[in-house]
Amino acid sequence: MSSVKMLDKDKLDQLAAKILLRTGKKYTQQELIGLCVQFTDEKLDEFIMNISRASRIWTKEEIKQFKEKFSVDFGEGTENLSEEVDKIVYDGEE
């Protein structure tokens, strides 16, 4: 048997408590991790889609298209608009 270092043990404890409240059954941390791995294995395609969305890497072409689509020229006199908005929002100046 090997050990795994957990960074968010509190979440595992919270999950165990929620499961206990809903089912009336208490699971050890080892059992819960095993069940999570089994569930993930059974739903692997869905899991991969979920984590892929959260860590998507954009291509240079996608970034370029995004910039072209959402970059707007507000016309003459707005060159410093971003700086002026930042001053008002962050410094409270007008």
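What the table below lists for this structure:
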| item | result |
| --- | --- |
| Length released on extending from Leu35 to Val4, taking residue separation times 0.36 nm less the Cα-Cα span | 9.6 nm |
| Long-range Cα-Cα pairs in the stretch 1-66 (distance over 18 Å), rounded percent | 58 percent |
| Length added when fully stretched, Arg22-Glu76, from 0.36 nm per residue minus Cα-Cα | 13.3 nm |
| Cα-projected label distance for Lys69 with Asp13, points at 7 Å along beta-carbon direction, nm | 4.4 nm |
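Where a number appears in this text, it was derived from the coordinates with a stated rule and is not lab data. Small disclaimer: the values here were computed from a predicted structure and weren't measured. Because the Cβ atoms are built from the backbone with ideal geometry, glycine has one as well, and the counts that use them run over all protein chains shown.
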